[in-house]
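Trainee: Below you will find the structure I want to go over with you.
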Amino acid sequence: QVQLVESGGGLVQAGGSLRLSCVASGIMFRISTMGWYRQAPGKQRELVARITSGGITNYADSVKGRFTISRDNAKSTAYLQMNSLKPEDTAVYYCNANPLGVDYWGRGTQVTVSS
């Protein structure tokens, strides 16, 4: 059974930082591309950041220079360090795992940035 469990969300003031974690089980984590997506009210889910099994990363333009995605294969965990947060970063953040072309999703964690 595949499980992706996110944690680390919360309420933070603009300019603050949060670190999201995603613990994966039931998948071959080492070969999985891991991603963070977000969905704000009334908007479509969008890619925030992604990291391949080889460590190649890519980011949405809106978060470049502020967010950093990383992974710890020994812990089957992906992270999203979010700095200089803005009110427009407010959303539910979802962890995604893609081993061999199949998408798996976590339930999400709420991030709220107050102005």
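Trainee: Find all pairs meeting these conditions: Cβ atoms under 6 angstrom apart; at least six residues apart or on different chains; first residue within segment 60-76 and under 21 Å from D89 (Cβ atoms) and surrounded by fewer than 20 Cβ atoms within 10 Å (Cβ to Cβ); second residue modelled with pLDDT of 95 or more and not hydrophobic (A, V, I, L, M, F, W, C).
Mentor: Correct list of pairs: R66/N83; R66/S84; T68/Q81; S70/Y79.
Trainee: Looking at (1) over 12 Å from the mean Cα position of the chain (by Cα); (2) at negative phi, which one does G26 not meet, given that it meets all the others?
Mentor: In the conditions (1) over 12 Å from the mean Cα position of the chain (by Cα); (2) at negative phi, G26 misses (2) alone.
Trainee: Moving to a separate point now. T90: buried (at least 16 other Cβ atoms within 10 Å of the Cβ), hydroxyl-bearing (S, T, Y) and under 19 Å from S115 (Cα atoms), yes or no? Outline the logic, then answer.
Mentor: Details: buried (at least 16 other Cβ atoms within 10 Å of the Cβ): yes; hydroxyl-bearing (S, T, Y): yes; under 19 Å from S115 (Cα atoms): yes.
Here the answer is yes, as T90 does meet what is asked.
Trainee: Now for a different question. Which members of segment 9-28 meet the condition of being over 20 Å from K64 (Cα atoms) and either at pLDDT below 95 or open to solvent by 30 Å² or more (accessible area, probe 1.4 Å) (or both)?
Mentor: Selection gives L11, V23, S25, G26, I27, M28.
The values are calculated or read from the model by the stated rules, or taken from the named source; none is laboratory data. Just so you know, these numbers come straight off a predicted model, no measurement behind them. Note that each Cβ is placed from the backbone with ideal geometry, even for glycine, and that neighbours are counted across all protein chains shown. Surface accessibility is based on the protein's heavy atoms, side chains included, excluding ligands, DNA and RNA. Shrake-Rupley method; radii C 1.70, N 1.55, O 1.52, S 1.80 Å.
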